[in-house]
Amino acid sequence: MSKFSGAFVVLVAILLGGCQTTSESQTEPRPEDTFVTIGTGGLTGVYYPTGGAICRLVNKNRSKHGVRCSAESTKGSIDNLTTIRAGNLDMGIAQSDWQYRAYTGTVRQDFIAAGPHTELRSIFSVHAEPVTIIARADAHIQTVDDLVGKRVNIGNSGSGTHSMWKIMWGALGYSQLDLKAAMRMRSAQGLDALCDNKIDATMWLVGHPSNFTNEAITKCDGVLVEVSGAAIDKLVAENSFYRHATIPGGMYRGNRHDTATFGVGATFVTSSETPESTVYHVVKSVFDNFRAFKKLHPAFKYLDEREMVRDSLSAPLHDGAAKYYRERDWIE
């Protein structure tokens, strides 16, 4: 064989090998070629820094696993879930109740029309998001039942807060007619209305400690309202995506005692279409550096690794997450 012929054979072999590698990378992206985007929420909430905290740990070791991560501000839970389903978002953070409804295709008309999102997958849960009701001190409201006959902001239509209000208020046996006024305002508007004495109480779902809650309490002389009792116990018992919660006493000015309430959990989700290796490295980045993760936001202070793997997860675990949890003996 001539030198030219030998060189030609080598060149053909290289080209064929290159084509094979390209074809394989198109069907199954290699971890080192992977870029993931996490949908979060508004810039003032806890979802956005949560996504940022996850990405910070993922990107810290991207030279080893090749996964690069970016957190995007979005409209929140429902936006993240629908965008993941459309294939335009890799991962996202969502309330546990909306995770369940997206997976089962229930409650919202668009969820029902689209049918169950059977490809939705859980990665882990994060912080609790308790029902947080703040009342004016001069309104003499101590428990959720004291809201009867009061002016209350029940959240803007279509929001997670508004949906939770309707479920909670109905479970307590009340209707909107039992309020003096039911205001449908966004959280920031509710804060202003509370301070201006246009309403007696406002409600939202949020992880604690919360700067927004602190502002409402200090600026408007607010007090936390207890949300508990037999009806709430029954609601939690019948819905796995709800959980009892406590807002610790002393966390906010003037609120010395623990406040019993309930709520949802913030959950980290994805699709079964996301490669196993990608999810594995994201999960490993968080839990191999768990102490560092807990320091990245005050709402993470009370997180427990094992609880994050089993609490508030309505969709099946992604295979990549399950692989890591089995290595740690957290699941069978």
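The values are calculated or read from the model by the stated rules, or taken from the named source; none is laboratory data. The shown structure was predicted, so the numbers you read here are calculated from the model rather than taken from an experiment. Note that each Cβ is placed from the backbone with ideal geometry, even for glycine, and that neighbours are counted across all protein chains shown.
Just the residues that are over 13 Å from GLU226 (Cα atoms) and part of a loop (DSSP other than H, G, I, E, B), please, taken from the stretch 133-172. The answer is VAL148, GLY149, LYS150, ILE154, GLY155, ASN156, SER157, GLY158, SER159, LEU172. Comparison of ILE112, ILE141 shows that the only residue that is surrounded by fewer than 22 Cβ atoms within 10 Å (Cβ to Cβ) and of a type in the set (A, V, I, L, M) is ILE112.
Would you check if HIS140 is on the phi > 0 side of the Ramachandran plot and either out of contact with any helix residue (DSSP H, G or I) (no Cβ under 7 Å at 6 or more places or on another chain) or not acidic (Asp, Glu) (or both)? Before you say what the answer is, go through the steps one by one.
Working: on the phi > 0 side of the Ramachandran plot: yes; either out of contact with any helix residue (DSSP H, G or I) (no Cβ under 7 Å at 6 or more places or on another chain) or not acidic (Asp, Glu) (or both): yes.
Answer is yes for this residue.
Being surrounded by fewer than 16 Cβ atoms within 10 Å (Cβ to Cβ) and modelled with pLDDT under 90 holds for only one residue in ALA181, ALA188, and it is ALA188.
Within the stretch 179-200, the set of residues being out of contact with any helix residue (DSSP H, G or I) (no Cβ under 8 Å at 6 or more places or on another chain) and of a type in the set (Asp, Glu) comprises ASP192, ASP196.
Can you go through ALA299, ALA322, ALA245 and tell me which one is outside any loop (DSSP other than H, G, I, E, B), within 20 Å of the chain's Cα centre (by Cα) and free of Cβ contacts under 8 Å to residues at least 12 places away in the same chain? Reasoning before the result, please.
Numbers: ALA299 fails: free of Cβ contacts under 8 Å to residues at least 12 places away in the same chain; ALA245 fails: free of Cβ contacts under 8 Å to residues at least 12 places away in the same chain.
Exactly one residue qualifies, and that residue is ALA322.
When ALA193 is tested against (1) in contact (Cβ under 8 Å) with a residue 60 or more places away in the chain; (2) in a helix (DSSP H, G or I), exactly one condition is not met: (1).
Could you tell me whether the stretch 155-170 includes any residue that is without any contact (Cβ under 8 Å) to a residue 40 or more places away in the chain, within 22 Å of ILE217 (Cβ to Cβ) and in contact with a strand residue (DSSP E or B) (Cβ under 8 Å, 6 or more places away or on another chain)? Yes. Filtering THR82, THR50, THR74 for residues that are of a type in the set (Ser, Thr, Tyr) and closer than 19 Å to SER272 by Cβ leaves a single hit, THR82. Consider the stretch 248-284 and keep the residues that are among the β-branched types (Val, Ile, Thr) and part of a strand (DSSP E or B). The one that is surrounded by the fewest Cβ atoms within 10 Å (Cβ to Cβ) is THR261. Take the stretch 258-284 and flag every residue that is out of contact with any strand residue (DSSP E or B) (no Cβ under 6 Å at 6 or more places or on another chain) and either charged (D, E, K, R) or at pLDDT below 95 (or both). Once the filter is applied, which keeps residues that are out of contact with any strand residue (DSSP E or B) (no Cβ under 6 Å at 6 or more places or on another chain) and either charged (D, E, K, R) or at pLDDT below 95 (or both), the stretch 258-284 yields GLU273, GLU276, LYS284. Within the stretch 307-314, identify whether any single residue is buried (at least 17 other Cβ atoms within 10 Å of the Cβ), of a type in the set (Gly, Ala, Ser) and at pLDDT 95 or above, and answer yes or no. No, because not a single residue in the stretch 307-314 is buried (at least 17 other Cβ atoms within 10 Å of the Cβ), of a type in the set (Gly, Ala, Ser) and at pLDDT 95 or above. Within the set ILE112, ILE84, ILE141, the sole residue that is modelled with pLDDT of 95 or more and closer than 28 Å to PRO209 by Cα turns out to be ILE141.
Condition check ((1) in the same structural domain as LEU235 (by TED's automatic domain parsing); (2) within 23 Å of the chain's Cα centre (by Cα); (3) not polar (S, T, N, Q)) across all residues:
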| position | (1), (2), (3) |
| --- | --- |
| HIS140 | yes, no, yes |
| THR143 | yes, no, no |
| GLY149 | yes, no, yes |
| GLY155 | yes, yes, yes |
| GLY160 | yes, yes, yes |
| TRP165 | yes, yes, yes |
| GLY170 | yes, no, yes |
| TYR174 | yes, no, yes |
| LEU177 | yes, no, yes |
